[in-house]
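The block underneath contains the structure these notes are about, expressed in structure tokens.
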Amino acid sequence: MAQKNPLLQTFEHAPFSKIKTEHFKPAIEEAIRLAKNEIEEIVSSSEAPSFSNTIEALEFAGSQLDRITSIFFNLNSAETNDEIQELAQEISPVLTDFKNDIIQNADLFERVKKVYDQKGELELTVEQNTLLDKKYKMFTRNGANLNDEDKKQLRDLDKKLAALSLSFGENVLAETNRYELHITDEKDLEGLPKGARSAAKMLAKEKNKEGWIFNLHYPSYLPFMKYAKNRSLRKEMAIAFGAKGFHNDQYDNRENVLQIVKLRHQKAKLLGYPTYAHFKLEERMAETPEKVNSFMQELLEKAKPAAKEEFVELEKFAIELEGIDRLQKWDAAYFGEKLKQKLFDLDDEQLKPYFEINNVIHGVFAVSERLYGLKFKEVFDVDTYHPEVKTYEVSDENGKEIALFYADFHPRQGKRGGAWMTSYKSQYFKDEKNERPHISIVCNFTKPTEDEPSLLTFNEVTTLFHEFGHALHGMLANTIYPSISGTNVFWDFVELPSQVLENWCYEKEALELFARHYETGEIIPDELVKKIKESATFHEGMATLRQLSFGMLDMSWHSIDPSEIENVKEHEEKAFAPTRLFPEVEENCMSTSFAHIFQGGYAAGYYSYKWAEVLDADAFEHFSEKGIFDRETAQKFRDTILSQGGTEHPLTLYKRFRGKEAAPEALLRRAGLLPKKS
Ligand SMILES: [Zn+2]
């Protein structure tokens, strides 16, 4: 068996054309067996625990399993089918069990702890120290230091929390699916574009109904709120959207919210942290709830005056246009869009001819060459999982190999939506060899047609730059250990390389490299560039307040002892008070459908959206100071950030690049909320 399974042979590139779905299960089982042997070898060693025989050995244990599972899960996202999806259901719990076995392996932890306790005497490098901390925390954050009774309580809490999150999510989904707006009079569609109308018609057809149906799923809800002229219907939709999980019935999520925050708090206390936010933030760039709170407070103070002005301006515009009395939540997107049209008169169709996909790809390559001296050569002899996937050899100025780069641009059946960066092989250094990474980006960009090439919307252009920024973080990695290489950094730091690269899309000097009309070859006119820039930050003050309101609500639940909280709505109103612009809606509650923090992984982490923006604006301002293609600044960014992965605390890395901590002013200047530097 092992002889024939391509996944169990040694390979440099993922051997896609030889892999059949049935190869995965036996390969993963075999790789788990090998990994278990490797762990067993560490545990049963007769030598005293050392950094190399324990920490380093643990780091490289299971590397084959990592490579096989990365191929498997990448395929499950980019080129899946029923078989692969079923297999994923089967394999995921097996992998979770394997990971739990390691974390709960008391003998293994004992050895790790022995090394950790000698840390002061070991003379480790900075990177080794980080790895040691990381391995030790992996155990202790999961209760390894607790007595047996507390360990049992922790498992119990984790189990209950998993069940509560699941139930929270099921309620949100049930509530989202339960509501529909059924329109039978075409007049009520006034303002809606063709696409939204036909989608609504389809929804109605699926339910064997006449007319049009809109629901609370984003693709239906958002266009309705943005374009539907009928204000009372917008109000109905908005209130339905905001009342999910808040109906005093079997789908009500209030009790789930209270239970979740209370159990999370208990878990944190059990592990020795004052609050759940302290527990989560220990492994974040932001470090502490105090720092997150003061970060948001500072941004709030600086953005609020602009947000209020925008609000007043929008309300005035709405009163003039349609004679409403007060601007309400359900008016924001609708009148905002109208005002934006009036001010900028900019739509995708005007821009698309300048962004033919091949031009944009060459653009992002050209920008990387100007910044980092990278060269991209398309190659045709690397195995791929689909003929549409392109492969490139990436090298530096001296022709030295940097990475292998896969790019998969267009939607297909079997590919999930969105855009992402991933890797098939991490960079690491072992046996005197610097193993170079295999990095991939996967997107769903507009496909070419028979008579038109693929022309990207501006949003797609920034998405490509964004994912490519992540890819650079992966490709330029230069560390020893794979688990802290490339994008393996603290979670609120990972968006810096991606978001910072988006900035080049707004710069004339960069656009001139690639934004040429696909028919005439004309470079994008200055006037359009100016409009793109200005419209990108339209209503940035209000948008900032909205993001802050979510971040503050999140922290309000997780950075205190919640045992006294009884009324979800009341608690929420208090948390929202500093950011409120629109009149309060009694029927609504945000927390009861705030899936990011009660179902997904964003608890005590919502702030990171704004955090990442502050970082990227601050970093980009450093680039702009000497010119956006200044090689010295780029080299510094590469040396201090892109090549370093998670080898040091991100705050240290960032300060080394910037000379100081990031401050919010650059973001506010970019958004036009503060005057530009002269
Ligand atoms: Zn990203």
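What to note about this one:
- Residues of the stretch 600-630 satisfying the condition of being of a type in the set (K, R) and surrounded by fewer than 20 Cβ atoms within 10 Å (Cβ to Cβ): K626
- Condition broken by E47, with the remaining ones in (1) touching a strand residue (DSSP E or B) at 6+ places or on another chain (Cβ under 8 Å); (2) not in a helix (DSSP H, G or I) satisfied: (1)
- Residue identified as away from the ligand (no atom under 16 Å from the Cβ), closer than 17 Å to F620 by Cβ and of a type in the set (A, V, I, L, M) among A477, A515, A510: A510
- Count - residues of the stretch 512-535 that are open to solvent by 50 Å² or more (accessible area, probe 1.4 Å) and out of contact with any Pro (no Cβ under 8 Å at 6 or more places or on another chain): 11
- Criterion: in contact with a Gly (Cβ under 6 Å, 6 or more places away or on another chain) and hydroxyl-bearing (S, T, Y) - qualifying residue of T184, T125: T184
- Considering only residues in the stretch 489-511 that are open to solvent by 40 Å² or more (accessible area, probe 1.4 Å) and within 13 Å of the chain's Cα centre (by Cα), the one that is modelled with the lowest pLDDT turns out to be W491.
- Within the stretch 631-659, being open to solvent by less than 10 Å² (accessible area, probe 1.4 Å) and touching a residue at least 12 places away in the same chain (Cβ under 8 Å) holds for A634, F637, I641, L642, G645, T647, P650, L653, Y654, F657.
- Some residue of the stretch 346-358 being open to solvent by 50 Å² or more (accessible area, probe 1.4 Å), over 25 Å from E540 (Cβ atoms) and either of a type outside the set (V, I, T) or within 25 Å of the chain's Cα centre (by Cα) (or both): yes
- Total residues in the stretch 83-107, condition without any contact (Cβ under 8 Å) to a residue 60 or more places away in the chain, over 17 Å from E30 (Cβ atoms) and not small (G, A, S): 9
- Restricting L300, L314 to residues that are under 26 Å from the mean Cα position of the chain (by Cα) and either modelled with pLDDT of 95 or more or outside any helix (DSSP H, G or I) (or both) narrows the list to L300.
- S485 vs. criteria of a type in the set (S, T, Y) and touching a strand residue (DSSP E or B) at 6+ places or on another chain (Cβ under 7 Å): yes
- Output for the stretch 448-495, where each listed residue is charged (D, E, K, R) and within 19 Å of N359 (Cα to Cα): E450, D451, E452, E460, E467
- Options K569, K530: the member that is in a helix (DSSP H, G or I), away from the ligand (no atom under 16 Å from the Cβ) and at pLDDT below 95: K530
- Pairs with Cβ under 6 Å, 6+ apart, first in the stretch 345-360 and more than 15 Å from T463 (Cβ to Cβ), second in a helix (DSSP H, G or I) and open to solvent by less than 20 Å² (accessible area, probe 1.4 Å): L346/S535
- When S483 is tested against (1) open to solvent by 10 Å² or more (accessible area, probe 1.4 Å); (2) away from the ligand (no atom under 16 Å from the Cβ); (3) in a loop (DSSP other than H, G, I, E, B), only condition (3) is not met.
- For the stretch 99-123, the tally of residues that are of a type in the set (A, V, I, L, M), assigned to a loop (DSSP other than H, G, I, E, B) and crowded, with 17+ Cβ neighbours inside 10 Å stands at 0.
- The stretch 366-387, residues that are part of a loop (DSSP other than H, G, I, E, B) and over 25 Å from the mean Cα position of the chain (by Cα): G373, L374, F380, D381, V382, D383, T384, H386, P387
- F493, sole failed condition from (1) away from the ligand (no atom under 16 Å from the Cβ); (2) part of a loop (DSSP other than H, G, I, E, B); (3) farther than 29 Å from P387 by Cβ: (1)
- Whenever a residue of the stretch 259-285 is over 15 Å from G143 (Cα atoms), its partners that are aromatic (F, W, Y) and modelled with pLDDT under 95, lying with C-beta atoms within less than 9 angstrom and at least six residues away or across chains, give the pairs E283/W491; R284/W491; M285/W491.
- Screening E236 on (1) in contact with a Ser or Thr (Cβ under 9 Å, 6 or more places away or on another chain); (2) part of a helix (DSSP H, G or I) shows it passes everything except condition (1).
- As for the stretch 533-556, it holds no residue that is farther than 25 Å from A662 by Cβ, touching a Phe, Trp or Tyr at 6+ places or on another chain (Cβ under 9 Å), away from the ligand (no atom under 16 Å from the Cβ) and of a type in the set (F, W, Y).
- Top-ranked residue of the stretch 143-163 - restricted to ones that are within 19 Å of F109 (Cα to Cα) and acidic (D, E), ranked as least open to solvent (accessible area, probe 1.4 Å): D150
- Some residue of the stretch 419-434 being within 13 Å of the ligand (Cβ to nearest atom), out of contact with any helix residue (DSSP H, G or I) (no Cβ under 6 Å at 6 or more places or on another chain) and farther than 27 Å from F657 by Cβ: no
- Criterion violated by P437 - all others in (1) in contact with a helix residue (DSSP H, G or I) (Cβ under 6 Å, 6 or more places away or on another chain); (2) within 16 Å of the ligand (Cβ to nearest atom) satisfied: (2)
- Which listed residue, of K20, K4, K36, is in contact (Cβ under 8 Å) with a residue 60 or more places away in the chain and open to solvent by 80 Å² or more (accessible area, probe 1.4 Å): K36
- Scanning the stretch 189-202 for residues that are surrounded by 21 or more Cβ atoms within 10 Å (Cβ to Cβ) and in contact with a strand residue (DSSP E or B) (Cβ under 8 Å, 6 or more places away or on another chain), we see that the one that is nearest to L233 (Cα to Cα) is L189.
The values are calculated or read from the model by the stated rules, or taken from the named source; none is laboratory data. Values in this document were obtained by computation on a predicted structure and should not be read as measured data. Positions of Cβ are backbone-derived with ideal geometry, glycine not excepted, and every protein chain shown enters the neighbour counts. Protein only, heavy atoms only, side chains kept; ligands, DNA and RNA dropped before computing areas. Shrake-Rupley method; radii C 1.70, N 1.55, O 1.52, S 1.80 Å.
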